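This report concerns only the one structure given below.
Just so it is clear, none of the values below were taken in a lab; they were calculated from the coordinates. Quick caveat: nothing in here was measured; it's all calculated off a predicted structure. Cβ sites come from the backbone with ideal geometry, for glycine too, and all protein chains shown count toward neighbours.
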Amino acid sequence: MLIAPDPWACKSIECPQVHEFDIAVIGVGAAGLSVAAGAAQLGARVALISRDPLGGDCLHYGCVPSKSLIHVAALAHRIHQAGELGLDARLGLIDLGQVSGYVRRVIQAIAPNDSPERFHSLGAEVIFGQARF
């Protein structure tokens with residue numbers, strides 16, 4: 001498979017050369033990253049192409065942030081129910097700024113697994129841009 005930049009996107013007279021890959025993965029969500037990592041580890045020449053940050057919706061907007069919020073809500077619920085067990089625990093005010101900070105920290109802890117550097121270390125080439133056939 002040959003991959004080359006769109007000639008219309010070149011800002012200089014010379015565009016980068018055409019590159020040859022065994023597999024081109026378009027999209028950097030959980031499925032695309034898994035395929036790219038597996039193929040690269042097996043020795044395939046992999047191009048990982050995305051217009052968005054690696055990790056996709058799951059890392060940045062969906063699975064990870066929502067599960068982090070669910071964890072906070074479940075903990076608040078357990079604190080609220082502690083009195084039923086004879087524990088004197090009271091849930092005070094919820095600081096949404098701190099909750100948001102917690103969610104960001106969880107994302108930041110997972111992000112290195114989905115980083116361009118990791119995929120380069122596996123042997124994949126990460127290309128940021130719009131893919132089309």
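Computed quantities for the displayed model
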item: Inter-label distance for A82 and A30, nm, one decimal - labels placed 7 Å from Cα along Cα-to-Cβ; result: 3.2
item: Computed FRET value (nearest 0.05) for L75 with A109, which takes r as the C-beta separation and R₀ as 25 Å; result: 0.90
item: 11 Å beta-carbon shell around P65, net charge (K/R +1, D/E -1); result: +1
item: MRE, 222 nm, helices only [DSSP H, n ≥ 4, -39500 (n - 2.57), over the chain, to nearest 500]; result: -13500 deg cm²/dmol
item: Sparse-neighbour loop sites [trypsin sites (Lys or Arg not before Pro); segment 12-72; at most 13 other C-beta within 10 Å; DSSP]; result: R51
item: For I127, distant residues with modelled amide H under 5 Å away; result: L48, I49, S50
item: Table column - 3J(HN,Hα) (Hz), segment 24-31, Karplus curve with 6.51, -1.76, 1.60, x for Gly and Pro; result: 10, 9, 9, x, 10, x, 4, 5
item: For the chain: relative contact order, % (alpha-carbon pairs under 8 angstrom, 6 or more apart); result: 29
item: Cleavage-rule hits (chymotrypsin sites (Phe, Trp or Tyr not before Pro)) in segment 25-125: DSSP loop, at most 14 neighbouring Cβ within 10 angstrom; result: Y61
item: GNM top mover of G55, G101, G86 - the chain, alpha-carbon springs below 10 Å; result: G86
item: Computed FRET value (nearest 0.05) for L122 with Y61, which takes r as the C-beta separation and R₀ as 25 Å; result: 0.50
item: Gyration tensor verdict on segment 57-113 (Cα atoms; rounded if a/c is under 1.5, prolate if a/b is larger than b/c, oblate otherwise); result: prolate
item: Peptides 105-111, 33-39 ordered by average Cβ neighbours within 10 Å, highest first; result: 33-39, 105-111
item: Selected from V28, V64, V72 as most flexible by GNM, with the chain as the system and alpha-carbon contacts under 10 Å; result: V72
item: For semi-axes √(5λ) of the Cα gyration tensor in Å, calculated from these coordinates, the label among (1) 39, 18, 14; (2) 44, 16, 10; (3) 26, 17, 14; result: (2)
item: Whole-Å semi-axes of segment 20-66's equivalent ellipsoid (Cα gyration tensor); result: 23, 11, 5
